[in-house]
1. Specify which of the listed residues (139, 82, 149) is at pLDDT below 95 and on the phi > 0 side of the Ramachandran plot.
2. Output the qualifying pairs, or none if there are none: Cβ atoms under 6 angstrom, residues six or more apart or on different chains, first residue in segment 98-114 and free of Cβ contacts under 8 Å to residues at least 60 places away in the same chain, second residue among the basic types (Lys, Arg) and assigned to a loop (DSSP other than H, G, I, E, B).
Amino acid sequence: MAIRNIRTMGDSILEKECRPVTEVNQKLITLIEDMLDTMYEANGVGLAAPQVGILKQVVVIDVSEEPNPIILINPEIVEMEGTQTGEEGCLSVPGKSGVVTRPNYVKVKALDMEMNEVFYEGTELLARAFCHEIDHLHGRLYVSKAEGGIHDVVREEE
Ligand code: NI
């Protein structure tokens, strides 16, 4: 388990398409463990592999109070419904946020650590996190969707 360096906007790796995972091997397990450590250390609610410099379709998300991670391999959105408009931020764009409209409900198809097909449903913050993180796998940052651009946020100390 280790904290990895988070790439920030301007790093071209964040604009690249990620490859699907074909095998869960020890290297991938270590990547996922490190992504979880890195996300929790940074107080984030989600992290995608390209944010730590790996062009693979892997996402970790945790929007809960107690640790309750969701691990997504090769995720894709298969259903969406409604809209929500709200502030969004990204660990790769530190200190900034912007207003983004997303679906209010999404259903995601992915593979789990045993390469079994799994489905997740999310509304509100979880739906937003699914969309935001899956965008990362296709080289898209929220800033390109931010209505009126991005602005500074005052971070509260924890
Ligand atoms: Ni992000």
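The values are calculated or read from the model by the stated rules, or taken from the named source; none is laboratory data. Treat the numbers as computed from the prediction; the structure is a model and nothing was measured. Heads up, the Cβs are rebuilt from the backbone with ideal geometry, glycines too, and the neighbour counts pull from every protein chain shown. Ligands, DNA and RNA are stripped out before the accessible areas are found, and what is left, the full protein with its side chains, is counted by its heavy atoms. Shrake-Rupley method; radii C 1.70, N 1.55, O 1.52, S 1.80 Å.
1. 149
2. Hits for this filter: 100/145.
So that you can scan it fast, the table gives a plain yes or no per residue for (1) open to solvent by 70 Å² or more (accessible area, probe 1.4 Å); (2) closer than 21 Å to residue 142 by Cα; (3) not β-branched (Val, Ile, Thr):
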site	(1), (2), (3)
13	no, yes, no
29	no, no, no
55	no, yes, yes
58	no, yes, no
62	no, yes, yes
70	no, yes, no
84	no, yes, yes
